[in-house]
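All remarks here apply to the structure that follows.
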Amino acid sequence: PCLSGGSVLGAGEERDNALSLAMRSIDRLARFSRKVATSSITVTRAFSAESGRLPDDFLTRLLARHPALQVSTNSYDLESHGRGESHHPTSPPDAVLFPSTVEEVQTILRLCCRESSSKKKTTGGDDVSEVDIVSVIPYGAGTSVEGHLNLHTPPDEVREVPSSIFTTDIQEKWRKVRFRRRGGVSIDMRNFDSISDVDSDAFCRFMIDPGADATLGGMTASGASGTAAVKYSTMKENVLSINAVLPPDTILSANDDEDAGAVSVASVGCAALKNSAGYNLPSLLTTSEGTLGVITDVTVKLYPIPSYVVAASCGFDDLHSAAEAVTLIKMEGIPVSRIELLDEMSILAFNKSLGVDACAVSHEGDDRDLRVEPMAMKPHLFMEFAGHSLVREDLSAAQSICVEYQGTNFQSAWDEATRQTLWAARHRLYYSSIALRNGATPQSTILTDVCVPLSAFADVIGWVGAEVKENGIVGPCFGHAGDGNFHCILPLTEEDTEEYKAKVWKLIEGLSDRAISCHGTCTGEHGVGSGKKKYLRRMYGEGGLKMMRAIKNSLDPFNM
Ligand SMILES: Cc1cc2nc3c(=O)[nH]c(=O)nc-3n(C[C@H](O)[C@H](O)[C@H](O)COP(=O)(O)OP(=O)(O)OC[C@H]3O[C@@H](n4cnc5c(N)ncnc54)[C@H](O)[C@@H]3O)c2cc1C
């Protein structure tokens, strides 16, 4: 955060007071609140004695230890926690747990790795201990789109492990162990936070805006960003420190108490803006997608709220010209705070969502007759400039560049209500795009995500636009253009032929391949989940995967 020279703070004593208040609020930074978030999910404690594939006494032991812990095995909760948004199939957990304290999270993880009976079974002359492993999926708000929340249980396996790995001290050196996979639980972390809990105030705010109603834990774990990243960057650059409950590295022995070999809580990073001590562990946990631990606390940067915000939009004859205008705006160093590119089909989706007429919009406290009008059917840039003084100059410099690329109908809006009206096409894009196809829903829609170096942006987005047209695919393309990050919304329906679906998948594969070939990435902000795993080898090679496996195996030796 930088407060120097900000006109936001007024003058004289008033300014000093405001400055000290703002500094305090920056020091406080934003933290997860322990406040219980209101959730629309029905939480029921009326679960069947034990659920699905879980070990027999898993839930009863958990509740004996934490009687206030909310547990649900009702089918609605299981289904809704077994998927995010988008097209990936549902793969429900066996129970959903709603912890509200770090200790509850620790006990859950402790019980997820436990010897099932102290009696060893004998197979083929060998004594084999049985250990039950319950898979764990941390759950934020469930808005991820790449199958992050689908439960996959690895196969059972028999391994020899050092006996010291059991919490009971025993004398043998090695034990043969059968690791039995016993279903999975979803740990719903919404009692820990929501973005609105971030401790911002009249001067400072958390600026990362993923566009969906996500949680801080989920945004951290998936390395989210969004429209404001061009000015404020991504979660990776905004997370200063994290507390996370790590998976156990010991097995709870059958007769041992749940406290034995308690699982660790790691506190990594610090609240200072610079830190060169040790490995960059907050960055490691950011984008870990729930595979390295359960995040319970995050400290993020706050930024001063700008005094002036101006929005603008401009139409272009083709996608390529609009994309090139973006590159030049960035190269000239014009400080845009958002710059979004929508293709012609996105504008069509918006116009269709309005029907034939202009649509009246109401804004609280604003009596004007504001109308959202249909837009010219051409690619558009939507921009925002924010700052404390020079916004007008920034706006006019961007306008000159747009005109240079034959941009037309450049409009700007200074107050909140007209800004919202001007940006309506962007705000409504996701649902108006899905509505382009009868019968499509968010759960049948594929939302792609790639990010390329700015020098390749115009070519790659131009290529997708052309492919979509040529193949008769319904797929509005839009992007956080200032970062070279863009998406294609591909609604599918039950009536789609295999041929149509094959064309859609070919487009997605081609897009990811193209992005990787020009030294970009198969995902700029949505993450890997289960959908993008296949591209990691291509991006990082065997060496990169080996490092990731080594980190995973050492932090989560039982692959929970
Ligand atoms: C309409 C729409 C628009 C979107 N726009 C954007 C956008 O502009 N930018 C963007 O970045 N994303 C966007 N997304 C994707 C999504 O909103 C983000 O990925 C978001 O960060 C997910 O947060 P969540 O709280 O919903 O997490 P979830 O979906 O619940 O979980 C995401 C991942 O994080 C893990 N996780 C969740 N909580 C924790 C925790 N406490 N500890 C450890 N791991 C955890 C989960 O296991 C999972 O792997 C959009 C999605 C939709 C549906």
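The values are calculated or read from the model by the stated rules, or taken from the named source; none is laboratory data. Not measured: the values here are computed from a predicted model. All Cβ positions, glycine included, derive from the backbone under ideal geometry; neighbour counts span all protein chains shown. Ligands, DNA and RNA are stripped out before the accessible areas are found, and what is left, the full protein with its side chains, is counted by its heavy atoms. Shrake-Rupley method; radii C 1.70, N 1.55, O 1.52, S 1.80 Å.
Observations on the structure shown:
- Packing order of peptides 113-123, 310-320, highest average first: 310-320, 113-123 (average count of other Cβ atoms within 10 Å over each peptide's residues).
- Helix-only mean residue ellipticity at 222 nm for the chain, each DSSP H run of n ≥ 4 adding -39500 (n - 2.57), per residue, nearest 500: -9000 deg cm²/dmol
- Full-extension gain in nm, residue 68 to residue 152, via 0.36 nm per residue minus C-alpha separation: 27.4 nm
- Each part gets one Cα centre, and for segment 481-532 versus segment 159-191 those centres are 38 Å apart.
- Given R0 = 51 Å, the distance between the Cβ atoms of residue 61 and residue 396 translates into a calculated FRET efficiency of 0.15.
- Only lysine pairs 8 or more places apart, or on different chains, with alpha-carbon atoms under 18 angstrom apart are counted in segment 308-527, and they number 5.
- Neighbours of residue 521, meaning other residues whose beta-carbon lies under 10 angstrom from its beta-carbon, give a summed charge of -1 when Lys and Arg score +1 and Asp and Glu score -1.
- Partner lysines for residue 119 [C-alpha distance under 30 Å; skip if fewer than 8 residues away on the same chain]: 173, 176
- Rounded to 10°, Cα long-axis angle of helix 344-354 versus longest principal axis of the chain: 90
- Share of carbon and sulfur in the accessible heavy-atom surface of the chain [1.4 Å probe, %]: 51
- Gained length - residue 246 relative to residue 545, 0.36 nm times residue gap less alpha-carbon distance: 105.5 nm
- Taking the chain and dividing mean pair separation by its residue count, relative contact order in percent (alpha carbons under 8 Å, at least six apart): 15
- Pair residue 180, residue 274: separation of 7 Å Cα→Cβ label points (nm): 5.6
- Probe 1.4 Å, protein heavy atoms only - accessible area per residue of segment 58-303 in square angstrom: 39
- Cα long-axis angle, helix 319-331 against the chain (0 to 90 degrees, to the nearest 10): 80
- When segment 308-527 is reduced to its Cα atoms, the Kirkwood hydrodynamic radius in Å: 17.9
- Segment 222-300, relative contact order in percent, only Cα pairs under 8 angstrom and at least six apart counted: 44
- Ratio of Rg to Rh over the chain (Cα coordinates, Kirkwood Rh, two decimals): 1.00
- Gained length - residue 213 relative to residue 500, 0.36 nm times residue gap less alpha-carbon distance: 100.2 nm
- Computed label-point distance, nm, for sites residue 331 and residue 459 using a 7 Å Cα→Cβ extension: 1.4
- Spin-label pair residue 284/residue 493, simplified geometry with 7 Å Cα→Cβ offset, distance in nm: 4.9
- Spatially proximal aspartates and glutamates relative to residue 534 (Cα-Cα < 15 Å; intrachain offsets below 8 disregarded): 146, 449, 509, 513, 542
- 146, 542, 495, 289, reordered so the largest accessible area comes first (probe 1.4 Å): 495, 542, 289, 146
- For a straight C-alpha distance cut-off of 18 angstrom, the aspartates and glutamates reachable from residue 301 (same-chain residues fewer than eight places away being disregarded) are 27, 193, 197, 199, 201, 209, 237.
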